[in-house]
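In what follows, a single structure is set out as structure tokens and then discussed.
The values are calculated or read from the model by the stated rules, or taken from the named source; none is laboratory data. These numbers were taken from a predicted model, which means no experiment stands behind them. Counting neighbours? That spans all protein chains shown, and the Cβs are built from the backbone with ideal geometry, glycine included. Only protein heavy atoms, including side chains, enter the accessible area calculation; ligands, DNA and RNA are left aside. Shrake-Rupley method; radii C 1.70, N 1.55, O 1.52, S 1.80 Å.
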Amino acid sequence: MIFDWAFAWHILPQLVKALRITIAATVCGTLIAMILGLALAAARRARSRWLAWPVAGFVEFIRGTPLLVQMYVLFYVLPEAGVVLAPFVAGVIALGLHYSTYTSEVYRAGIEGIPRGQWDAAAALNFNRWQTFRHIIVPQAIPPVVPALGNYIVSMFKDTPLLSAITVLEVLQQAKLIGAQTFRYIEPLTLVGALFLVLSLISAAGIRVVEHRLARGKM
Amino acid sequence: MAPLTELIPPLADGLVVTIELTLGAAAIAIGAAFVAGVGRLSRHHWLRYPAIAYIEIFRGTSALVQLFWFYFVLPLFGLNLSAMVAGMLALGLNTGAYGAEVVRGAIQAVPRGQREAAVALNMTRAQTLMRIIVPQAVIAMLPPAGNLLIELLKNTSLVSLIAIAELTFRAQALRAATLQTGEIFALILILYFAMSLMIMGTVRWLEGRLARGLDHGRVR
Amino acid sequence: METIVKLSKVEKSYGALPVLRGIDLEIGRGEVVSVIGPSGSGKSTLLRLLMTLDRPDAGLVEIDGEPLWTEADQDGRIADRARLRRIRGKIGMVFQHFNLFPHMNVLRNVTEAPLRVLKVPAAEADARAREYLEMVGLADKVDAWPAQLSGGQKQRVAIARALAMRPAIMLFDEITSALDPELVGGILELLRELSRARSMTMIIVTHQMRFAEECSDRVLFFDQGVILEEGPPKIIFHEPREERTKEFLKSILEAGA
């Protein structure tokens, strides 16, 4: 086995170009997961059981089934109902939806960590439920859970290669193409692995920095 | 329009393969998690650094990328593994890296006084670890281990992309053949969900059994 | 009386905080020594060093004429682990918070170390354990689990567990401080019997002054990391030389120990 460094150097630009799709998918997926997750968390806490229970069931179902199959559903099943999505869009929605169930659990933990007294104080000041949430609860719930949210973003980033299964030309797909064309798999795949490793290590360090800043802000 | 009964046999075959993969990879994951988790805490450089490297690399890279790497690159090293073994190995090592952190955390969470009592009784470090620390740590490991096992189950769907005929692969093949996408995917989603619930239930049962020894004092 | 424990110029700091600032101490074989003093004065640290749970920053600790740590032992690495363990086998310790093994029942807690460490055959280890459990008054609890025991019972098991190793030196680190008041007397009575049996050297860190006066051959008063005063109980408790000793004893009396 020889690792051809020259070849690796040669294909690196192609891989980095495909990485842009990977990063775009991660960013879009993150937006969906962060916003939808908060909505799901709020819905689970709703006083009406007709809202809370189905949402809880939905969240558990999505969390307990594979992301790949969910992507297939969006890509293959929706068209039968008349909804045709571009591969990138289908993939990003699947990612966002899947991870929104994880972020909703994180938000729930954050919200439940707020002392009862905050809710009482808000009620005493005549805030309605929405205002309490928006101005009192959420601003306090988010900072402690930022590291956990950050970790899920990194996980989502590592799941973007699944998009290759629904024909999105992200970085793993590009590596496979190079391999199929040149019959050299070791360089492209190792480079992709290394790219992921470097980016997730940088992100992990970044999350720690954010964690420190937030902790310092509190003190 | 094939009746539901015709869809079942190939999916059942796929289900069996999924279960085999999950069990095999789980065994590898548990072994790797303990070796790396304990190794991570070792005083010896030659144990600690490889453990850290393994954990960081397998946690820091994508499971699907690891799968492809094992499938395409390992043969070049002379390791001609079947797709099934390559898949089991990749998934097992991936889950094992996350498991190593669970093992490490649980061991570090055992109260310091336990280690001190073992020193006071002049136990060797190996005896302390194996007979005092690990048995107590195992209970704390169970809930996160349950979650990791469910992640592993979900990851088995990835091996469909290296042509292993597990459940998702079979579903894709059936979809192409019958175009009954809705029913097929609904069916396998339910199957996966049912398996997730079974894993959770088993882990909770195991927790209950082990904790009873500690809380109510059943004579063993 | 031959010296069994000797400390020479021992110093220990935790980070920037000096805890032991130069301890010179000799204890004879079979002596019963009580260690008293305010919190943070270094009493527990002394025991921890003897039990090899921590290492001194400076000075020499000798057990039965042999140093615990030698020149060869660098910061983290012990050069000759077997040697250290051989010497450590002469010392046993009972902790303030018992530290029983929760995943083993009472009998196994006591047989575990003789079986695994001393390689005593199973039948003998079992018999030995039952003998010591009987001695501490828990013969009927051999099959119980630690979670089912009261604090006083747990401490008795801890004492039996330590005794089963038959150490030459026993260390007691405030063993009644974590107990409800009504359970303290029982433990002290047990300690009293042990001290009268004179079978081993005992070093007892305690706040129980009456007990210390009755049972010790010698009392050490620790203050701010040094042994401020030492002597027979009659002197220390009734005619102490140092001001700090007098202050400390007065404050303890007022608290009603």
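Summary of values
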| quantity | calculated |
| --- | --- |
| Spin-label model distance (nm) - A:Arg116 vs A:Phe61, 7 Å beyond Cα toward Cβ | 3.5 |
| Choice from C:Met104, C:Met200, C:Met51 showing the highest fluctuation, given a GNM over chain C with Cα pairs closer than 10 Å | C:Met104 |
| Phi to ³J(HN,Hα) by Karplus 6.51 cos²θ - 1.76 cosθ + 1.60 over segment C:16-23, Hz, x for Gly, Pro | 8, 9, x, 10, 10, 10, x, 10 |
| Inter-chain Cβ neighbour average for residues C:145-153, partner chain, 10 Å | 2 |
| Accessible area buried between chains B and A, both sides summed, probe 1.4 Å, in Å² to nearest 100 | 2900 |
| Where segment A:153-219 is the region considered: accessible area per residue in Å², 1.4 Å probe | 48 |
| Fraction of beta bridges assigned by DSSP in chain C that are antiparallel (%, nearest 5) | 55 |
| Accessible area of segment B:41-168 divided out per residue, in Å², using a probe of 1.4 angstrom | 38 |
| The protein assembly as shown - share of DSSP beta bridges that are antiparallel (%, nearest 5) | 55 |
| Chain A: equivalent-ellipsoid semi-axes (sqrt of 5 x gyration tensor eigenvalues, Cα, Å) | 39, 23, 11 |
| Shielding of B:150-159 by partner chains, average beta-carbon count, 10 Å | 4 |
| Stokes-Einstein diffusion coefficient of segment C:1-134, Kirkwood radius over Cα pairs, 10 °C, 1.306 mPa s, in µm²/s | 93 |
| Candidates A:Leu67, A:Leu163, A:Leu125, ranked by Gaussian network fluctuation over chain A, Cα under 10 Å, top entry | A:Leu125 |
| Shape call, chain B: gyration tensor on alpha carbons, a/c limit 1.5 | oblate |
| Length-normalised contact order for segment B:87-179 - Cα pairs under 8 Å, 6+ apart - percent | 31 |
| Cut-off 13 Å between beta-carbons: net charge of the residues surrounding C:Leu53, Lys and Arg +1, Asp and Glu -1 | +3 |
| Within a Gaussian network of chain B (alpha carbon springs, distance under 10 Å), most fluctuating of B:Asn155, B:Asn122, B:Asn94 | B:Asn122 |
| Segment C:1-117, accessible surface, carbon-and-sulfur percent (1.4 angstrom probe) | 48 |
| Part-to-part distance (alpha-carbon centres) for segment A:26-41 and segment C:175-217, which is given in Å | 63 |
| Segment A:169-219: chymotrypsin sites (Phe, Trp or Tyr not before Pro) falling in loop per DSSP and having at most 13 other Cβ within 10 Å | A:Phe183 |
| Relative contact order computed over segment C:98-241 (Cα-Cα under 8 Å; 6+ residues apart), in percent | 19 |
| Share of carbon and sulfur in the accessible heavy-atom surface of segment B:1-148 [1.4 Å probe, %] | 71 |
| Buried accessible area, chains C and B (both chains, 1.4 Å probe, Å² to nearest 100) | 2600 |
| Shielded residues, segment A:64-78 - accessible-area loss of 20 Å² or more between chain alone and all protein chains, probe 1.4 Å | A:Gly64, A:Thr65, A:Pro66, A:Leu68, A:Val69, A:Tyr72, A:Val73, A:Tyr76, A:Val77 |
| Equivalent ellipsoid semi-axes, the protein assembly as shown, via Cα gyration tensor eigenvalues times 5, rooted, Å | 60, 29, 26 |
| Average Cα contact separation per residue, segment C:193-250, under 8 Å, 6 or more apart, as relative contact order % | 22 |
| Filtered GluC sites (Glu not before Pro), segment C:2-46: DSSP coil and at most 10 other beta carbons within 10 Å | C:Glu2 |
| Solvent-accessible ranking of C:Glu229, B:Glu183, largest area first, probe 1.4 Å | B:Glu183, C:Glu229 |
| Per-residue SASA entry for C:Asp80, accessible area with 1.4 Å probe, Å² rounded to 10 | 80 |
| For C:Gly28, net neighbour charge (Lys/Arg +1, Asp/Glu -1) across residues whose Cβ lies under 14 Å away | -3 |
| Total lysine pairs under 16 Å (Cα atoms) in chain C, excluding pairs fewer than 8 apart on one chain | 8 |
| Chain C: C-alpha gyration tensor shape, a/c 1.5 cut-off, then a/b vs b/c | oblate |
| Peptide C:107-117, shielding by other chains (average Cβ, 10 Å cutoff) | 3 |
| Simple spin-label estimate for A:Asp4 and A:His135 in nanometres, 7 Å along Cα-Cβ | 6.6 |
| Pair A:Leu85, A:Ala204: separation of 7 Å Cα→Cβ label points (nm) | 3.1 |
| For segment C:196-257, accessible area per residue (1.4 Å probe, heavy atoms of protein chains only), Å² | 55 |
| Where C:Trp145, B:Trp46 fall by accessible area, highest first, once all protein chains stay in place (1.4 Å) | B:Trp46, C:Trp145 |
| Sequence of A:His10, B:His44 from largest to smallest accessible area, 1.4 Å probe | A:His10, B:His44 |
| Within the accessible area of segment A:117-176 (1.4 Å probe), percent carbon and sulfur | 57 |
| Cβ-defined net charge surrounding C:Lys6, 14 Å radius [Lys, Arg +1; Asp, Glu -1] | -4 |
